[in-house]
Amino acid sequence: MVDVFTELTIKCPISKVSEYASNPDNAPKWYVNIQSVEWKTSKSLQEGSQIAFRAKFLGRELAYVYEITEFIPQKKMVMKTANGPFPMETIYTWQAIDESNTLMTLRNKGNPKGFNKLMVAFMAPMMRRANMKDLKKIKAILEQ
């Protein structure tokens with residue numbers, strides 16, 4: 001089991017941070033490893049929405065479909081893989097620190113399959129570094 005939690009304060013109102021981060025079309029712009037996104041359901045983000053992602057992680061091409069299992073605008077979004085080699089749950093939360101600063105958290109939990117045991121041992125620290133890069137990238141985009 002891998003469980004990685006990262007957080008970062010973004011100098012931007014919660015409405016702007018949560019709207020940008022919860023839009024899957026923006027994922028390739030701020031996620032280092034995500035290469036493309038394709039909606040499998042209508043583009044109205046809600047519980048049950050399904051989005052296909054193509055990513056590269058640890059030198060492997062990954063294709064998987066996330067399903068939105070919980071969405072509370074400006075509070076929380078939870079996505080779970082509906083298929084793919086790495087069953088994963090991704091949780092975003094947003095908390096207003098004040099009118100112009102937002103604490104964003106990013107948590108990934110899952111059971112990697114198809115990776116050798118040695119690789120799994122290194123996966124959590126590698127994911128933590130990648131997640132922090134992602135949060136720093138979204139911070140840079142939104143603070144421009």
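A short reminder: the numbers here are calculations on the coordinates, not readings from a lab. What you are looking at is a predicted structure, and each value in this text was computed from that prediction instead of being measured. Methodologically, a virtual Cβ is constructed for each residue, glycine included, from the backbone with ideal geometry; neighbour enumeration extends over all protein chains shown.
Summary of values
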{"read-out": "Equivalent ellipsoid semi-axes - Cα gyration tensor, the range 39-79, angstrom", "value": "23, 12, 7"}
{"read-out": "Lys/Arg +1, Asp/Glu -1 at C-beta; the range 1-59 dipole; positive extreme among 14, 57, 4", "value": "57"}
{"read-out": "For the chain, built as a Gaussian network whose Cα springs stay under 10 Å, the top-fluctuating residue of 134, 98, 25", "value": "98"}
{"read-out": "Phi to ³J(HN,Hα) by Karplus 6.51 cos²θ - 1.76 cosθ + 1.60 over the range 26-31, Hz, x for Gly, Pro", "value": "7, 3, x, 6, 10, 8"}
{"read-out": "Reference-scaled alpha-carbon Rg (2.2 N^0.38 Å with N residues) for the chain", "value": "1.01"}
{"read-out": "Cleavage-rule hits (GluC sites (Glu not before Pro)) in the range 1-103: DSSP loop, at most 16 neighbouring Cβ within 10 angstrom", "value": "47, 99"}
